[in-house]
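Colleague: My structure is below; once you've seen it, I'll send some questions.
The values are calculated or read from the model by the stated rules, or taken from the named source; none is laboratory data. In this text, all values refer to a predicted model and were calculated from it rather than measured experimentally. Counting neighbours? That spans all protein chains shown, and the Cβs are built from the backbone with ideal geometry, glycine included. We work out accessible area using only protein heavy atoms, side chains counted, and drop any ligands, DNA or RNA first. Shrake-Rupley method; radii C 1.70, N 1.55, O 1.52, S 1.80 Å.
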Amino acid sequence: MIEAEGPMPLDRYMSLCLGHPQHGYYMTRDPFGAAGDFTTAPEISQVFGEMIGVWCVNAWMSLGQPSPFALVEMGPGRGTLMADLLRAAKAAPEFLKAVDVHFVEMSPVLQKLQREKLDAHATWHASLESLPNMPTLFIANEFFDALPVQQFEMRSGQSFERYVGVSNGQLKMGLVASSWPGGADGVYEVSQVSQNIAAEMKERIEACGGAALIIDYGHVQSAAGDTVQAMHRHKYCSILDAPGEVDITSHVDFSKLSSSPTLSQGSFLKAMGIVMRTEKLAEKLDGEEKKNFLAATHRLIDAAQMGELFKVMCVVQKGATQIYPFEAT
Ligand code: SAH
């Protein structure tokens, strides 16, 4: 396409690499776990999804127990988080009676895995438009980091956009003059798609009632810097290597999604009782199995691992009180 049409902006490149119907990374494979390219929190331990389940039940109660209501997961991967969430919610039969599960997922391969996992007890959507109009709890874990970003570069006060072109048969990054109103010299990332999707989620919450829990790695305050990265078999590589064959993500700029309160993943999970739950489950294990299970929880909450880099944001409908463990800002 670049040879035929010329260099393309980074966001278009990223969007094609991940979502092209035939060649897109997510469209053609199951990328998760030890045998894949990267591992996400729900794949690390069942307690992650369980804690989200406890949060959802309490959120639903705080919102006045709407019945029916939609539980919408954005980019559910293998469907593991939802399976763990619904199992934990068995403690609240009224919640399970009221819930209507929906998935927003672009990948047919992953949709199939999700169907198998959930025994088809859900409705699938390619985008938010077709979601039902009812009170909604949104969950998004490592969804926004997979959405395309533009990169702008300020050099001596001049504004440029980063494009992907071809030179001597190789993909190369280049700069194209831009009218982006930049700041100090440096690289700035803008994800229009993320901002649009966050805005759609908020509109739905305002119109129908509800809340959203957004979990991802990234920063709470906007900062300059190139955070776009590629991963293959658990190792970093160039985003220009093997387009469509490697995962490409970027750090999420939470302040651009919403000004809602944010906690570190470690604080959030601890407040939801992850340590107690882990100890309880570990009683039934021993040896290597017990060691690995405890290490998995540690990986999720430890500040040097996922505990601080990952953030959790909670958006609630206007006028509703914030949902535990978040506090109004
Ligand atoms: N939440 C899962 C998977 C994270 S990977 C987990 O934590 O394991 C990103 C997920 O988002 C994948 O399921 C991918 O197919 C989906 N996805 C990426 N971009 C999307 C888009 N634009 N629309 C819908 N789904 C998308």
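Colleague: Taking a probe of 1.4 Å, how large is the accessible area per residue of the chain, in Å²? Mind dumping the intermediate values first?
Modeller: Details: 15100 Å² over 329 residues.
Counting only protein heavy atoms, the per-residue value for the chain is 46 Å².
Colleague: Mind jotting down a quarter of the surface of the convex hull over the alpha carbons of region 1-94, in square nanometres, one decimal? Walk me through the numbers before you get to the answer.
Modeller: Details: hull surface 35.1 nm².
Across all orientations, region 1-94 yields a mean hull projection of 8.8 nm².
Colleague: Sticking with this structure for a sec: Please report the orientation-averaged projected area of the chain, defined via the convex hull of its C-alpha atoms, in nm². List each step's numbers first, then the result.
Modeller: Working: hull surface 72.1 nm².
For the Cα atoms of the chain, the hull's average projected area reads 18.0 nm².
Colleague: To continue, here is another question. Determine the principal axes of the Cα atoms in region 174-295, then give the extent along each, sorted from largest to smallest and rounded to whole angstroms.
Modeller: If we take the Cα atoms of region 174-295, the spans are 61, 43, 28 Å.
Colleague: Say we join alpha carbon atoms closer than 10 Å with springs in a Gaussian network model of the chain; which of 55, 124, 180 then has the biggest fluctuation?
Modeller: 180
Colleague: Comparing 59, 89, 207, which has the greatest mean-square fluctuation in the GNM of the chain with Cα pairs linked when under 10 Å apart?
Modeller: Residue with maximal mean-square fluctuation among 59, 89, 207: 207.
Colleague: Here is a follow-up. Give the aspartates and glutamates reachable from residue 90 as a straight Cα distance under 15 Å; neighbours fewer than 8 places away on the same chain don't count.
Modeller: Counting by Cα, and skipping residues close in sequence, residue 90 has these aspartates and glutamates nearby: 50, 100.
Colleague: Hey, what did the chain get for relative contact order, percent, Cα under 8 Å, at least 6 apart?
Modeller: On the way: 648 pairs, mean separation 65.0, N = 329.
Once normalised by length, the contact order is 20 percent.
Colleague: Report the antiparallel proportion of the DSSP beta bridges in the chain as a percent, rounded to a multiple of 5.
Modeller: Numbers: 35 of 58 bridges.
Antiparallel: roughly 60 percent of the beta bridges in the chain.
Colleague: Something else now. Would you kindly state how much longer the chain becomes between residue 308 and residue 2 on full extension, computed as 0.36 nm times their sequence separation minus their alpha carbon distance, in nm to one decimal? Working shown, then result.
Modeller: Values: separation 306, 0.36 × 306 = 110.16 nm, distance 3.88 nm.
Full-extension gain reported as 106.3 nm.
Colleague: Once you have the Kirkwood Rh of region 39-153 from its Cα pairs, apply Stokes-Einstein at 4 °C and 1.567 mPa s and quote D in µm²/s.
Modeller: Values: Rh = 14.6 Å.
Here the translational diffusion coefficient equals 89 µm²/s.
Colleague: I'd like the FRET efficiency for residue 123 and residue 96, computed as 1/(1 + (r/R0)^6) with the beta carbon distance as r and R0 of 22 Å, rounded to 0.05.
Modeller: Numbers: r = 16 Å, r/R0 = 0.74.
Once rounded, the FRET efficiency stands at 0.85.
Colleague: Follow-up. If you roll a 1.4 Å probe over region 1-107 with all protein chains in place, what percent of the accessible area is carbon or sulfur?
Modeller: Carbon plus sulfur share of accessible area: 54 percent.
Colleague: With r defined as the distance between the Cβ atoms of residue 167 and residue 222 and R0 fixed at 30 Å, what FRET efficiency is calculated, to the nearest 0.05? Provide the component values of the computation, followed by the final result.
Modeller: Values: r = 32 Å, r/R0 = 1.07.
According to the calculation, E is roughly 0.40.
Colleague: Once the piece of chain linking residue 329 and residue 291 is laid out straight, how much longer is it, given 0.36 nm per residue of separation minus the C-alpha distance between them?
Modeller: Working: separation 38, 0.36 × 38 = 13.68 nm, distance 3.87 nm.
Gain in length upon complete extension: 9.8 nm.
Colleague: By a straight-distance test (C-alpha under 21 Å), which lysines pair with residue 202 as possible cross-link partners, with residues fewer than eight away in the same chain excluded?
Modeller: By straight Cα distance, residue 202 reaches 256, 311, 318.
Colleague: From largest accessible area down, sort 188, 13; use a 1.4 Å probe on the protein chains. Before the final figure, lay out each step's value.
Modeller: Details: 188 45, 13 10 Å².
Result, largest first: 188, 13.
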